[in-house]
Amino acid sequence: MKGSGYLMLQESTQLNQVSLPHSVVPSHNIPVANSFTWSSFSDAAWDSSTGNCGLGWQLRDATKTVAESSSSHRRFVPSALVAEALAVKAAMIAALSSHVSSLHVYSDSKALITLLKSQDDDVVLKGVLHDIRILALSFESILYCFIPRLANCDADSLAKSALFSLHSTVPATE
(Lines give C-alpha, C1' and ligand atoms only; values in the text may rest on other atoms or scores of the structure.)
Protein backbone atom coordinates (compact mmCIF):
# COMPACT_ATOMS: atom_id res chain seq x y z
CA MET A 1 0.00 0.00 0.00
CA LYS A 2 2.64 2.43 -1.12
CA GLY A 3 1.83 6.06 -0.49
CA SER A 4 -0.87 5.35 2.07
CA GLY A 5 1.41 5.73 5.05
CA TYR A 6 4.45 4.25 6.54
CA LEU A 7 4.86 1.34 8.83
CA MET A 8 7.00 1.82 11.87
CA LEU A 9 8.73 -1.51 12.33
CA GLN A 10 9.29 -3.00 15.76
CA GLU A 11 12.90 -3.02 16.83
CA SER A 12 14.31 -6.49 16.55
CA THR A 13 16.55 -8.20 19.02
CA GLN A 14 18.67 -9.69 16.25
CA LEU A 15 21.84 -8.00 15.05
CA ASN A 16 22.13 -6.71 11.53
CA GLN A 17 25.59 -6.89 10.04
CA VAL A 18 26.65 -3.25 9.74
CA SER A 19 30.24 -2.81 8.61
CA LEU A 20 32.14 -1.77 11.70
CA PRO A 21 35.85 -1.30 12.18
CA HIS A 22 37.29 -4.40 13.84
CA SER A 23 37.91 -2.52 17.09
CA VAL A 24 34.27 -1.48 17.47
CA VAL A 25 31.69 -3.79 18.99
CA PRO A 26 28.09 -2.57 18.83
CA SER A 27 26.51 -2.22 22.25
CA HIS A 28 22.99 -2.10 20.88
CA ASN A 29 20.75 -4.18 18.67
CA ILE A 30 20.21 -3.26 15.04
CA PRO A 31 17.08 -4.54 13.29
CA VAL A 32 17.40 -7.16 10.58
CA ALA A 33 16.32 -6.02 7.13
CA ASN A 34 14.16 -8.18 4.91
CA SER A 35 15.35 -9.12 1.43
CA PHE A 36 13.94 -5.90 -0.05
CA THR A 37 14.98 -3.41 2.60
CA TRP A 38 17.72 -0.96 1.74
CA SER A 39 19.76 1.03 4.23
CA SER A 40 20.77 4.68 4.16
CA PHE A 41 23.70 6.00 6.17
CA SER A 42 23.93 9.77 6.45
CA ASP A 43 26.05 12.32 8.24
CA ALA A 44 26.78 16.03 8.27
CA ALA A 45 29.82 18.16 8.98
CA TRP A 46 28.94 21.67 10.19
CA ASP A 47 31.15 24.72 10.62
CA SER A 48 29.76 26.84 13.45
CA SER A 49 31.80 29.90 12.44
CA THR A 50 30.32 30.10 8.91
CA GLY A 51 27.09 28.10 9.10
CA ASN A 52 28.32 26.01 6.16
CA CYS A 53 27.79 22.28 6.15
CA GLY A 54 28.67 19.23 4.15
CA LEU A 55 26.18 16.41 3.77
CA GLY A 56 27.11 12.83 2.97
CA TRP A 57 25.01 9.74 2.43
CA GLN A 58 25.35 6.20 1.27
CA LEU A 59 22.67 3.77 0.11
CA ARG A 60 23.17 0.04 0.48
CA ASP A 61 20.90 -2.52 -1.09
CA ALA A 62 19.50 -5.56 0.70
CA THR A 63 22.77 -7.46 0.16
CA LYS A 64 24.73 -4.63 1.86
CA THR A 65 26.30 -3.64 -1.47
CA VAL A 66 26.87 0.10 -1.83
CA ALA A 67 24.40 1.28 -4.46
CA GLU A 68 25.11 5.00 -4.17
CA SER A 69 27.46 7.33 -2.33
CA SER A 70 26.90 11.03 -2.66
CA SER A 71 27.36 14.39 -1.00
CA SER A 72 26.37 18.02 -1.20
CA HIS A 73 26.89 21.21 0.75
CA ARG A 74 24.74 24.02 2.05
CA ARG A 75 25.32 27.52 3.37
CA PHE A 76 23.58 29.32 6.24
CA VAL A 77 22.60 26.21 8.20
CA PRO A 78 21.73 27.24 11.78
CA SER A 79 22.96 24.16 13.68
CA ALA A 80 24.63 20.77 13.50
CA LEU A 81 21.26 19.13 14.19
CA VAL A 82 19.65 20.87 11.21
CA ALA A 83 22.60 19.72 9.07
CA GLU A 84 22.08 16.12 10.25
CA ALA A 85 18.38 16.35 9.35
CA LEU A 86 19.23 17.72 5.90
CA ALA A 87 21.56 14.75 5.36
CA VAL A 88 18.80 12.28 6.31
CA LYS A 89 16.40 14.08 3.97
CA ALA A 90 18.92 13.91 1.09
CA ALA A 91 19.46 10.18 1.68
CA MET A 92 15.71 9.57 1.66
CA ILE A 93 15.30 11.50 -1.61
CA ALA A 94 18.12 9.42 -3.13
CA ALA A 95 16.41 6.21 -1.96
CA LEU A 96 13.12 7.29 -3.52
CA SER A 97 14.93 8.14 -6.76
CA SER A 98 16.26 4.56 -6.75
CA HIS A 99 12.69 3.24 -6.29
CA VAL A 100 13.37 1.86 -2.83
CA SER A 101 10.17 0.86 -1.03
CA SER A 102 11.53 -0.24 2.36
CA LEU A 103 14.28 1.72 4.11
CA HIS A 104 16.29 1.65 7.32
CA VAL A 105 17.65 5.13 8.01
CA TYR A 106 20.89 5.11 10.02
CA SER A 107 22.34 8.24 11.62
CA ASP A 108 24.84 8.92 14.38
CA SER A 109 22.71 11.83 15.60
CA LYS A 110 20.90 10.40 18.59
CA ALA A 111 18.88 13.61 19.06
CA LEU A 112 17.59 13.48 15.49
CA ILE A 113 16.72 9.78 15.59
CA THR A 114 14.87 10.35 18.88
CA LEU A 115 12.86 13.19 17.30
CA LEU A 116 12.02 11.11 14.23
CA LYS A 117 10.92 8.11 16.28
CA SER A 118 8.84 10.14 18.73
CA GLN A 119 7.10 12.37 16.18
CA ASP A 120 8.04 15.33 18.41
CA ASP A 121 8.86 18.71 16.88
CA ASP A 122 11.66 21.18 17.36
CA VAL A 123 11.17 24.84 16.42
CA VAL A 124 14.40 25.09 14.41
CA LEU A 125 13.86 21.70 12.73
CA LYS A 126 10.12 21.99 12.11
CA GLY A 127 10.33 22.44 8.32
CA VAL A 128 12.96 19.76 7.73
CA LEU A 129 11.21 17.29 10.04
CA HIS A 130 7.97 17.93 8.15
CA ASP A 131 9.74 17.24 4.84
CA ILE A 132 11.24 14.00 6.20
CA ARG A 133 7.85 12.84 7.48
CA ILE A 134 6.20 13.60 4.13
CA LEU A 135 8.97 11.69 2.31
CA ALA A 136 8.48 8.77 4.72
CA LEU A 137 4.92 8.39 3.46
CA SER A 138 6.34 7.30 0.10
CA PHE A 139 7.91 4.18 1.61
CA GLU A 140 6.03 0.99 2.42
CA SER A 141 8.13 0.75 5.56
CA ILE A 142 10.75 2.93 7.20
CA LEU A 143 12.76 2.58 10.39
CA TYR A 144 15.02 5.18 12.01
CA CYS A 145 18.08 3.76 13.76
CA PHE A 146 20.85 5.33 15.80
CA ILE A 147 24.35 3.98 15.12
CA PRO A 148 27.69 4.89 16.71
CA ARG A 149 29.91 7.38 14.87
CA LEU A 150 32.51 4.71 14.17
CA ALA A 151 29.88 2.69 12.29
CA ASN A 152 29.14 5.68 10.06
CA CYS A 153 32.64 6.43 8.76
CA ASP A 154 31.79 6.39 5.04
CA ALA A 155 29.01 8.97 5.35
CA ASP A 156 31.19 11.02 7.70
CA SER A 157 34.02 11.12 5.14
CA LEU A 158 31.62 12.18 2.39
CA ALA A 159 30.21 14.99 4.57
CA LYS A 160 33.65 16.27 5.57
CA SER A 161 34.82 16.23 1.95
CA ALA A 162 31.74 18.19 0.88
CA LEU A 163 32.35 20.79 3.60
CA PHE A 164 36.02 21.04 2.65
CA SER A 165 35.11 21.53 -1.04
CA LEU A 166 32.81 24.38 -0.03
CA HIS A 167 35.59 26.02 1.97
CA SER A 168 38.03 25.66 -0.92
CA THR A 169 35.64 27.38 -3.36
CA VAL A 170 34.93 30.37 -1.13
CA PRO A 171 37.03 33.35 -2.25
CA ALA A 172 39.41 34.67 0.37
CA THR A 173 38.56 38.05 1.85
CA GLU A 174 41.26 40.66 2.05
Sequence-distant lysines (8 or more away, or on other chains) whose Cα lies within less than 30 Å of Lys126:
Lys2, Lys89, Lys110, Lys117, Lys160
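Assuming 0.36 nm per residue, please report the length gained on full extension of the stretch Lys160 to Ala62 beyond their Cα-Cα distance.
Values: separation 98, 0.36 × 98 = 35.28 nm, distance 2.65 nm.
Full extension from Lys160 to Ala62 adds 32.6 nm.
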How much accessible surface area, in Å² rounded to 10, belongs to the heavy atoms of His73 with a 1.4 Å probe?
90 Å²
Gain in length, Val123 to Ser49, computed as 0.36 nm per residue apart minus the alpha-carbon separation, to one decimal in nm?
24.5 nm
Checking the cross-link filter: which aspartates and glutamates have an alpha carbon closer than 16 Å to that of Lys64, excluding same-chain neighbours under 8 positions apart?
Asp154
Taking the Cα centre of the range 79-174 as the origin and placing charges on Cβ (Lys, Arg +1; Asp, Glu -1), which of Gly127, Ser141, Ala151 is farthest toward the positive end of the dipole?
Ser141
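The values are calculated or read from the model by the stated rules, or taken from the named source; none is laboratory data. These figures come from a predicted structure and were not determined experimentally. So basically every Cβ, Gly included, is an ideal-geometry build from the backbone, and we count neighbours across all protein chains shown. Side chains are part of the model used for accessible areas, which takes the heavy atoms of the whole protein and leaves out ligands, DNA and RNA. Shrake-Rupley method; radii C 1.70, N 1.55, O 1.52, S 1.80 Å.
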